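The values are calculated or read from the model by the stated rules, or taken from the named source; none is laboratory data. Just so we're clear, the structure is a prediction, and the values are computed from it rather than from any experiment. For neighbour counting, all protein chains shown are included, and Cβ atoms are generated from backbone atoms with ideal geometry for every residue, glycine included. With ligands, DNA and RNA removed, areas are computed over all heavy atoms of the protein, side chains included. Shrake-Rupley method; radii C 1.70, N 1.55, O 1.52, S 1.80 Å.
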Amino acid sequence: QVQLVESGGGMVQAGGSLRLSCAASGTIFSINAMGWYRQAPGKQRELVAAITSGGNTNYADSVKGRFTISRDNAKNTVYLQMSSLKPEDTAVYYCNADVYRSYWSRRESYWGQGTQVTVSS
């Protein structure tokens, strides 16, 4: 099995910064894309940012220029540096990883348990 453990959420005032981390562990041969999603109350889960194993990144328009995604392939860890936070960034943030558990296995998608980010005005 594969586990994703997130950390770094919390409460911050508007304009502040937070850094989220997500470490993958378990039976892992390789990880393809890793990403961060968020879900606010009453809304659907949405992609915030994603990064491939080669370092190509993709961001939601709402966070471009404010958030930066990065990863450490040796540690199977993905980060999300969030700056200039706004109250509308308040949500539960989830980590996602597309994992190959062996050379022969198919790609599987795993999710973390979520971490709350609250931005006060």
Across Lys43, Lys86, Lys64, the residue with the highest GNM fluctuation in the chain (Cα network, 10 Å cutoff) is Lys43
With viscosity set to 0.692 mPa s at 37 °C, what whole-number translational diffusion coefficient in µm²/s follows for region 10-70 from Stokes-Einstein and a Kirkwood radius over Cα pairs?
243 µm²/s
With θ set to phi - 60° and the Karplus curve 6.51 cos²θ - 1.76 cosθ + 1.60, what are the ³J(HN,Hα) couplings of region 37-46 in order, to the nearest whole Hz, using x for Gly and Pro?
10, 9, 9, 8, x, x, 10, 7, 5, 10
Within the chain, excluding any chymotrypsin sites (Phe, Trp or Tyr not before Pro) found in a DSSP loop (not H, G, I, E or B) and having at most 12 other Cβ atoms within 10 Å, the longest uninterrupted segment runs 30-102
How high is the relative contact order of the chain, in percent, counting Cα pairs under 8 Å that sit 6 or more residues apart?
36 percent
Hey, what did region 61-121 get for relative contact order, percent, Cα under 8 Å, at least 6 apart?
30 percent
Most fluctuating of Met82, Met11, Met34 in the GNM of the chain (C-alpha, under 10 Å) is Met11
Picking from Ser102, Ser70, Ser30, which is most flexible by a Gaussian network model of the chain using Cα springs under 10 Å?
Ser102
Test of understanding: what is the full-extension gain from Ala74 to Lys86, defined as 0.36 nm times their sequence separation minus their Cα-Cα distance?
1.1 nm
What is the percent carbon and sulfur in the accessible area of region 16-118, measuring with a 1.4 Å probe over the protein chains and ignoring ligands?
46 percent
